[in-house]
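The values are calculated or read from the model by the stated rules, or taken from the named source; none is laboratory data. Everything numeric in this text was worked out from a predicted model, so none of it was measured. For neighbour counting, all protein chains shown are included, and Cβ atoms are generated from backbone atoms with ideal geometry for every residue, glycine included.
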Amino acid sequence: MRKTLLVILVSFLVVFYGTWFVFPEDVLKSAIVDHFSYGDLSIEIDGFKKGLFYCFDIERLTFKKNSDVLMLVNNVHSKINFFKFFLLHLDMLINGGSNDEVIEGKISIIDDNISGNLIFKGWGLENIGAIKLFGINAKGKLMAKISFDSYNLQIEFSVNDLVADSIILKGS
């Protein structure tokens, strides 16, 4: 009885961890890039490293529109829900940022559908390329809550210590 239980436990652990080790880093990295790239919008990942327990780290995540940098996020750490991973549902808990800039939240990818909630705290407006693309030349600390799915996007934001040199709204 004990041997059978031990064999079942070891088999479960082999399947549990073996599945994660079978997927090469390049496959995971390209899957993330493919799901987050759409039309003119794309992401680039630098320093992708897969961890032991269904997690990975990204040194730098760059969001772009064509060749314009919209935002840089440094030191992203993400954990993947193991049980949903087997069902090809990618649930990621995200923590990242640098210095006083923090990003945290959850992103879910199921087939071609994506949804999530992200919170940005302490992001300097001068460091966000998307702000400059809209013609806003300002400094201040951004706090934003973003909720999205494949069809909807909701953004709530506030800016502390705002100093605006010029604001000329333009589309691109």
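Given the residues F120, F85, which is the only one that is surrounded by 15 or more Cβ atoms within 10 Å (Cβ to Cβ), modelled with pLDDT of 85 or more and not aliphatic (A, V, I, L, M)? Break it down stepwise before answering.
On the way: F85 fails: modelled with pLDDT of 85 or more.
Step by step, each of F120, F85 is checked, and only F120 is surrounded by 15 or more Cβ atoms within 10 Å (Cβ to Cβ), modelled with pLDDT of 85 or more and not aliphatic (A, V, I, L, M).
Only one of these conditions is not met by G97: (1) at pLDDT below 85; (2) touching a strand residue (DSSP E or B) at 6+ places or on another chain (Cβ under 6 Å); (3) at negative phi. Which number is it?
Evaluating G97 over (1) at pLDDT below 85; (2) touching a strand residue (DSSP E or B) at 6+ places or on another chain (Cβ under 6 Å); (3) at negative phi leaves (3) as the failure.
Please go through (1) in contact with a strand residue (DSSP E or B) (Cβ under 7 Å, 6 or more places away or on another chain); (2) free of Cβ contacts under 8 Å to residues at least 40 places away in the same chain; (3) surrounded by 12 or more Cβ atoms within 10 Å (Cβ to Cβ) for F157 and return the number of the only condition it doesn't satisfy.
(3)
How many residues does segment 124-162 contain that are modelled with pLDDT under 85, assigned to a strand (DSSP E or B) and of a type in the set (V, I, T)?
Total meeting the criteria: 1.
Is it the case, given these coordinates, that I109 is in contact (Cβ under 8 Å) with a residue 40 or more places away in the chain and closer than 30 Å to W20 by Cβ? Break it down into steps so the answer makes sense when it comes.
Numbers: in contact (Cβ under 8 Å) with a residue 40 or more places away in the chain: yes; closer than 30 Å to W20 by Cβ: yes.
Taking the combined requirement at face value, the residue satisfies it.
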